[in-house]
Amino acid sequence: MTTFVDRVELHVAAGNGGHGCASVHREKFKPLGGPDGGNGGRGGDVILTVDQSVTTLLEYHHSPHRKATNGKPGEGGSRSGKDGQDLVLPVPDGTVVLDGEGNVLADLVGQGTSYVAAQGGRGGLGNAALASARRKAPGFALLGVPGDVLDIQLELKTVADVALVGYPSAGKSSLISVLSAAKPKIADYPFTTLVPNLGVVTAGATVYTVADVPGLIPGASQGKGLGLEFLRHVERCSVLVHVLDTATLESDRDPVSDLDIIEAELREYGGLENRPRIVVLNKIDVPDGKDLAEMVRPDLEARGYRVFEVSAVAHMGLKELSFALAELVAGARAARPKEEATRIVIRPKAVDDAGFTVTREEDGLFRVRGEKPERWVRQTDFSNDEAVGYLADRLNRLGVEDRLMKAGARSGDGVAIGPEDNAVVFDWEPSVTAGAEMLGRRGEDHRFEAPRPAAQRRRDRDAERDEVQQEFDGFEPF
């Protein structure tokens with residue numbers, strides 16, 4: 001059964017925004033009390049957060065579909081809907097987030113580092129928030145915006161200071177088990193190590209982590225063996241340690257040729273050329289291994305490598321190796337640039353940037369693209385004529401109508417707002433009420449302007465009284 005997964009495809013869906021409410025306050029002896037529809041709640045986000053207690057992506061391998069909760073719709077009495085709850089997904093330290101095309105979206109390193117993978121939709125405004133001096137009692141509300149729905153890939157790149165690389169059965173797992181408290185699986189057959197193992201080593205005042213990467217073979221960078229799947233786990237390391245077997249039973253292998261083959265695979269993979277290297281000649285407790293180590297050591301040192309002869313089984317040479325690694329790790333940490341506080345960059349919108357574009361396609365269709373027009377269309381209830389009129393009014397104020405006229409659009413031409421796979425298409429009629437003629441001018445409601453019976457009766461009585469008073473004032477006594 002799989003217990004370690006370092007690459008998954010995750011299907012995430014943020015919560016949808018709640019719809020706004022169209023409501024009029026109703027109370028005894030208070031006719032037409034005014035609009036009191038509340039706003040819809042915001043949809044929940046899907047957030048990836050680094051958690052040091054998580055070491056694998058196995059959970060998302062079994063459950064790849066994740067969705068945040070939706071926002072609640074608004075209610076009458078000016079009651080806004082409840083916001084959707086954010087969905088926080090813990091991921092291991094060193095997780096890389098990629099889109100469907102393989103582009104890096106985020107590199108999550110460090111406890112608590114977060115990335116919003118899917119943004120929740122905003123809630124729609126209720127008619128109380130849409131009321132104005134011109135639109136006293138809107139008979140509509142805005143719909144909630146759908147949340148983001150997308151597929152992302154998660155790749156785990158182990159965060160370690162030192163990476164042990166070498167052939168299968170070279171003794172890497174044995175070495176990490178005696179350098180640290182890690183307990184990897186150890187056996188005398190190839191590919192015992194199927195997953196990377198991490199161990200923490202303390203050498204003096206320096207504490208560093210060591211990663212035992214599954215064994216490499218010729219062609220690993222092209223996918224042979226397990227190398228291609230786990231070479232990414234050495235990308236973040238500061239030091240590479242070549243663990244060479246000096247007691248191999250294979251007649252066609254020796255430490256120098258093993259080193260050349262592994263180096264060739266690392267060069268083929270790329271990105272590791274500038275990492276400092278150390279060569280460890282393992283299994284010197286075997287007589288033939290000790291002799292072979294003494295034979296190849298001068299050649300390796302002539303190439304510029306620091307060479308250590310060790311025996312993981314007999315615990316020989318481990319102290320010198322651990323302190324040498326600590327020295328290299330400390331130097332690499334000191335050479336890293338100091339982290340600076342995140343700078344807030346403000347990029348104001350250009351004066352001539354309208355926030356949308358109008359293009360004419362080959363079939364004569366005019367397409368409008370922009371964050372505001374597309375969001376406004378998604379928030380419009382097209383079954384409500386007044387809501388359609390309000391949308392037309394907003395687009396006109398934004399300048400869409402003027403841009404369409406400049407692009408050559410005429411009455412009756414097709415106009416699409418949004419991308420090709422999710423657009424609203426309509427026949428354009430400039431400066432019309434967009435189907436809301438019954439409501440008068442666009443976006444207005446005349447219900448409050450209609451004469452009220454009680455007020456009319458008062459006006460009639462006042463008029464009669466004034467008429468009687470005028471007659472009385474014109475009466476001349478005898």
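The values are calculated or read from the model by the stated rules, or taken from the named source; none is laboratory data. Worth saying up front: this structure is predicted, and the values here are computed from it rather than measured. Note: ideal-geometry Cβ built from the backbone for every residue, glycine included; neighbour counts use all protein chains shown. Side chains included, ligands, DNA and RNA excluded: accessible areas come from the protein's heavy atoms. Shrake-Rupley method; radii C 1.70, N 1.55, O 1.52, S 1.80 Å.
Compute the FRET efficiency between R369 and T113 as 1/(1 + (r/R0)^6), taking r as their Cβ-Cβ distance and R0 = 30 Å, and round to the nearest 0.05. Efficiency at R0 = 30 Å is approximately 0.35. Using the Karplus relation 6.51 cos²θ - 1.76 cosθ + 1.60 with θ = phi - 60°, the per-residue 3J(HN,Hα) values for region 316-331 come to 9, x, 6, 4, 4, 5, 5, 6, 5, 5, 4, 5, 5, 5, 4, x Hz, with x marking Gly and Pro. Calculate log10 I(q)/I(0) of region 239-356 for q = 0.20, 0.22 Å⁻¹, where I(q) comes from the Debye formula with a single equal point scatterer on each Cα and nothing for solvent. Ignoring solvent entirely, the Cα scatterers give -1.15, -1.29. Electrostatic bookkeeping for G40 treats Lys and Arg as +1 and Asp and Glu as -1; over the other residues with beta carbon under 15 Å from its beta carbon, the sum is +3.
Listed by chain and number, the lysines whose C-alpha is less than 23 Å from the C-alpha of K283, apart from same-chain residues fewer than 8 away, are K172, K183, K185, K319. Only lysines eight or more places from K67 in sequence, or on another chain, were considered; those with a Cα closer than 26 Å are K82, K157, K372.
Would you mind telling me the share, in percent, of accessible area of region 28-187 contributed by carbon and sulfur at probe 1.4 angstrom? Ligands and nucleic acids excluded, carbon and sulfur give 52 percent.
A simple spin-label model places the labels of R461 and E420 7.1 nm from each other, with each point 7 Å out along Cα-to-Cβ. For a straight C-alpha distance cut-off of 17 angstrom, the lysines reachable from K30 (same-chain residues fewer than eight places away being disregarded) are K136.
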